[in-house]
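What follows is a set of notes on a single structure, which appears directly below.
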Amino acid sequence: MNTESPNNKNENNGHIQMIPFTLEELQKYDGQDGMPAYVSVDGFVHDVSDSKLWGDGVHFGNIAGRELTVKYKSCHTGRPRIDQFPVIGYIVPTTARD
Ligand code: HEM
């Protein structure tokens, strides 16, 4: 079970530890009610909480806490933006929690 604090500073000697998320766990981080806003692109989880364009976890109808690779690639062809935001984890299959 994920044990990091909501603000996700999972540091170990200054190194940010990459956190595994199942898609179910990622859904908690929807940018609502004070929760951080995380999105998954290409299996990596980015923290977009600091983006004004992801206010309340919503961005042009897209909602944080989701796997958004296809939507990102269709909307941001030639305008990559996600790399500006920190990678804090990666997606694991639900079976990884069995
Ligand atoms: C309906 C689809 C989408 C539209 C119309 C859209 C449009 C935009 C626009 C107009 C901007 C600001 C100008 C720019 O930097 O290019 C922007 C920024 C951005 N978009 Fe999207 N976007 C869409 C989907 C997505 C998705 C699915 C993701 C991520 C999974 C994403 C991530 C970002 C990021 C990280 C930024 C930079 C935000 C910042 O600098 O604060 N976008 N988007």
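Only the coordinates and a few stated rules stand behind these numbers; no lab work does. Worth saying up front: this structure is predicted, and the values here are computed from it rather than measured. No Cβ is skipped: glycine too gets one built from the backbone with ideal geometry, and neighbour counts run over all protein chains shown.
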Give me the number: length gained by fully extending Glu24 to Asp42, i.e. 0.36 nm times residue separation minus the C-alpha to C-alpha distance, one decimal in nm. 4.8 nm
Extended-chain gain in nm, criterion 0.36 nm per residue less alpha-carbon gap, Phe60 and Val92: 8.9 nm
Ratio of Rg to Rh for segment 17-93, alpha carbon only, Kirkwood? 0.93
Relative packing of peptides 37-45, 85-93 - highest average C-beta neighbours within 10 Å first: 37-45, 85-93
